[in-house]
1. Say whether the condition of being within 22 Å of residue 299 (Cβ to Cβ) and not hydrophobic (A, V, I, L, M, F, W, C) is met by at least one residue in segment 391-399.
2. Which of the numbered conditions does residue 329 fail, given that it passes all the others? Conditions: (1) without any contact (Cβ under 8 Å) to a residue 60 or more places away in the chain; (2) in a loop (DSSP other than H, G, I, E, B).
3. Residues of segment 314-330 being buried (at least 17 other Cβ atoms within 10 Å of the Cβ) and not aliphatic (A, V, I, L, M), which ones?
4. Kindly list, by first and then second residue, each pair from a residue in segment 238-249 that is farther than 23 Å from residue 419 by Cβ and open to solvent by less than 80 Å² (accessible area, probe 1.4 Å) to a residue that is in a loop (DSSP other than H, G, I, E, B) and at pLDDT below 80, limited to pairs with Cβ atoms under 8 Å and residues at least 6 apart or on different chains.
5. Could you tell me which numbered condition residue 340 fails, if it satisfies all but one of (1) of a type in the set (A, V, I, L, M); (2) open to solvent by 40 Å² or more (accessible area, probe 1.4 Å); (3) out of contact with any Pro (no Cβ under 9 Å at 6 or more places or on another chain); (4) closer than 18 Å to residue 413 by Cα?
6. Does residue 205 count as in contact with an Asp or Glu (Cβ under 7 Å, 6 or more places away or on another chain), open to solvent by less than 60 Å² (accessible area, probe 1.4 Å) and within 19 Å of residue 66 (Cα to Cα)?
7. What about residue 426, is it among the basic types (Lys, Arg), at pLDDT 85 or above and either open to solvent by 50 Å² or more (accessible area, probe 1.4 Å) or under 25 Å from residue 283 (Cα atoms) (or both)?
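The values are calculated or read from the model by the stated rules, or taken from the named source; none is laboratory data. A quick note: this is a predicted structure, and the numbers were derived from the prediction, not measured. Note that we place each Cβ from the backbone using ideal geometry, even for glycine, and neighbour counts take in every protein chain shown. Note: areas computed on protein heavy atoms with side chains; ligands, DNA, RNA excluded. Shrake-Rupley method; radii C 1.70, N 1.55, O 1.52, S 1.80 Å.
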Amino acid sequence: MSDDETQPQHPTRTLDRQPTTANAPTDSAAPQTSTGPAPWLLRLVAVGLVLTALNLRPAITSLGALLEEVRDGLHMSGGVAGVLTSVPPLCFAVFGVMAPRLARRFGPGAVVCAGMVAITAGLVIRPLVGGTAGFLAASALALMGIAVSNVLMPVIVKRWFPDRVGSMTGLYSMALALGTALAAAVTVPMTDALGGSWRAGLGIWAVLALAAILPWIPLVRDRRGAREQSAGGQHQDAPALRITRSRTAWGLACFFGLQATAAYITMGWMPQIFRDAGVSAGTAGVLLAVTMVMGVPLAFVIPRAAARMRNQGPIVVVLGACGLIGYAGLYLAPAGGAWAWALLLGISNCAFPLALTMISMRSRTGAGVVRLSAFAQSTGYLISIPGPLLVGVLYQHSGGWGLPIALMAGLMVPQMAAGILAGRARTIEDEC
């Protein structure tokens, strides 16, 4: 989450150079007819991908922009608000595991369509409920839809665009980052325009989710190749790997989890940090948008640079240093240097595409990449759950942001250590 967070991006050059691996399946994975899929159908799928990607983060970042109003309106404590910011990684860890099995049974297009329905329903319901429990449940419903769609977007890309995996993944990644930044930037102004009600400001995003349902309807009954695609290449022969014995795998899992922790703390709490420092609500939302939008260009630059290096440790250190400087700025002069801190933390949060790139480089086989990706991402999202909650508790009990910011900066140190371990030029097959 950016992600950014399981964001299923594979923007390395390896993706396009090895069309027979699990990262870039052969043309047999695509829907086949005597003349290939109709151009209008490919255009429809492309529109569906973009609209879906636009909807994979607004449920989170729109809430971050209005967190103070939601807390006051529902009488939430800081601890409960921390639970709310911990829900996204929990849902991604729990519900994302269900996506391959659902896709094998119903087809990936149908599951993504259902995911968009769940997002729409969650975004409609949560502004209407009157209590914290109902708000959390409706948020979880929306996040369940996001979780399964996160996992299946690469399946859709590989199946319908086998010869354009890199470009379509880039398009999807840009749309995801754009949706993240857009929700952060315009939620507060839209709320003001709609009369100042936080309920209207959160609920309006259901319109965009509703639009994303429509392109998938023609694909609901299309189940061809679902089993092969959903299996993620596990049909390939490969030796059994005891992945938990690999130091590289654990390094990647910890790196993924700690960068996800930073991302969700940023999305959930950064606007509040700026607002408590005297920055207006609208400007705080724009500052979060600046942080999120840094992922658009850097999602292309960082993976390509990492793929050319045998050891990705130097990139890990540079990103970590940006994060440490950004947190130091938030502590010392949150309002005075707000734009600089937002930029630096945006650069630091681009550890997400770096983590995905390293996953694809740390195994010699396609089946190994699939197993490593599943282990690193599922374990990583579980690791990330306590962070936002702990920030909320520290904020409530200390009455300020000194301790929470110190925690954020402190977590950057093990993130850098884990990234250096994961970035070494070796594969999991060497260690299992």
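1. No - not one qualifying residue is present in segment 391-399.
2. Single failed check for residue 329: (2).
3. Residues satisfying the conditions are 320, 322, 323, 326, 327, 329.
4. From segment 238-249, the pairs are 238/365.
5. That leaves (4) as the condition not met.
6. In short, no.
7. Yes: the conditions hold for residue 426.
Conditions (1) open to solvent by less than 20 Å² (accessible area, probe 1.4 Å); (2) more than 15 Å from residue 181 (Cα to Cα); (3) aromatic (Phe, Trp, Tyr), marked per residue:
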position	(1), (2), (3)
49	yes, yes, no
53	yes, no, no
56	yes, no, no
59	yes, no, no
62	yes, no, no
68	no, yes, no
80	no, yes, no
98	no, yes, no
